[in-house]
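Every number here is computed from the coordinates shown, using simple stated rules; none is lab data. All figures in this text were calculated on a predicted structure; none of them were measured in a lab. When we count neighbours, we look across all protein chains shown, and the Cβ atoms used for this are built from the backbone with ideal geometry, even at glycine.
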Amino acid sequence: MKRILIILTTLLITFTLSITGCAKQSGEDTNQNNQPVKVTLMLDWTPNTNHSGLFVALEKDYFKAQGLDVSIVNPSTQGTLEQMVATGNVEFGISAQEQVTTARLSGLPLVSLAAVIQHNTSGFASLQQKNIQTARDFENKTYGGWGLPSETAILSALMKKENADFSKLKMINIGEADQLASLKENIDLTWIFYGWTGIQAEVRGQDLNMLWLKDIDPALDYYTPVIVTNEKMITENPNVVKKLMTAISAGYDYASQNPEEAAEILIKHAPESDPEMIKKSQAWLSPQYKADASRWGEQKASVWENYSQWLYDNKLTENKMDASKAFTNEFLPKK
């Protein structure tokens, strides 16, 4: 979540289209030498269970079977992931519907190819003894985040919906501090993704109340994370996109059906993380990949439209996004 919010703010404030001219599209749809096609996929954060299907596809040679040589890289310090993908400096990335929406509204040709998880697993976490049950309970509490405009906007909108006074919520910046430790020290609530930070709390024996975004408003049950590319890649290299998504789909199908094995694969690529936490996170998240969808990755137009409409209705954007251009299911394997 931290990474996503930082990316969102950076995108809103600093992005210019000037680097577009420096972009390159390194993916090649044809391979005259019968060599694997090299492409790069950039993560949104350090390796975690949201990325399990990618590492499964790598370790099980699903990419190789599709004639691809895929490099999975950590986020760059040279620009946001959305900048890097939209301008073709990397071909693919892990983003989220919030970032794609912002990018599209800024004129960037970013396109979502698949929803990694079908439902929003993020929300506002607080210690159980605080008894924070609704956004109304945020009054006279302290929220610990990153001091970003996006946090202020969504918290203000949620409290307004419940006739709560946003001015009575104290906002502080906790920066890179451990969110769970901060809940025990100087804040009352924070924004987490349960599949990772929530599971960390379980491992630590820290009981949380969760106020899920999808329960606060159905429009907030958006896709996060998603796999993205740019319009030029789709137009000029559709076969590469198709092959990549075939391999990734197989990876997430495997992770859904084999959580223990998928966890072991992720542990290999996330050596700094607690292996036991990864196993618990994987067990929790594996059923979420496909959930109630007919196939992994499926995206609904209504989910894209409803979130864009929610932003517009709450005056968080000046315009509504054309959802039909923001996503496609075209490159997912047939049902």
Using r as the Cβ-Cβ distance of Asn34 and Asn186, and R0 as 45 Å, what FRET efficiency do you calculate, to the nearest 0.05? 0.15
Could you check the spin-label model distance between Arg204 and Ser324? Points 7 Å from the Cα along Cα→Cβ, value in nm. 4.8
For labels at Glu261 and Ala301 in the simple 7 Å Cα→Cβ model, what's the distance in nm? 3.8
Per 10 angstrom bin, beginning at 0 and ending with the bin that holds the maximum distance, the Cα pairs of the chain fall in percents of 6, 26, 35, 25, 8, 1, 0
So, counting K/R as plus one and D/E as minus one, what does the shell of residues with Cβ under 15 Å around Asn131 add up to? -1
Whole number please: convex hull volume per residue of the Cα set in the stretch 243-326, in Å³? 154
With axes computed from alpha carbons, what is the tilt in degrees of helix 275-290 against the longest principal axis of the chain, rounded to the nearest 10 within 0 to 90? 80
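Expected output is a single nm value to one decimal: the length gained when fully extending between Ser106 and Ser71, i.e. 0.36 nm times separation in residues minus the C-alpha distance. What is it?
On the way: separation 35, 0.36 × 35 = 12.60 nm, distance 2.82 nm.
So the extension gain works out to 9.8 nm.
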I'd like the orientation of helix 238-257 relative to the chain: the angle between its Cα long axis and the longest Cα principal axis, in ° from 0 to 90, rounded to 10. 50
Give, as a single signed number, the net charge of other residues whose beta carbon lies under 13 Å from the beta carbon of Lys214, with Lys and Arg counted +1 and Asp and Glu -1. -4
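So what's the back-of-envelope 222 nm ellipticity for the chain, counting only DSSP H runs of four-plus at -39500 (n - 2.57) apiece and dividing by all residues, rounded to 500? Spell out each step's value before the answer.
Details: 14 runs with 134 residues, N = 335.
Taking each H run of at least 4 residues, the total per residue is -11500 deg cm²/dmol.
Given a Förster distance of 30 angstrom, what is the FRET efficiency for Lys170 paired with Tyr312, based on the Cβ-Cβ distance and rounded to 0.05? Before the final figure, lay out the partial values.
Details: r = 28 Å, r/R0 = 0.95.
Plugging the Cβ-Cβ distance into 1/(1 + (r/R0)^6) gives 0.60.
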Just order 136-146, 202-212 by mean Cβ neighbour count inside 10 Å, highest at the front, would you? 136-146, 202-212
Cβ neighbours within 10 Å, averaged per peptide: list 271-283, 174-186 in order, most packed at the top. 271-283, 174-186
Could you give the length gained on full extension between Lys161 and Asp178, defined as 0.36 nm per residue of separation minus the Cα-Cα distance, in nm? 3.2 nm
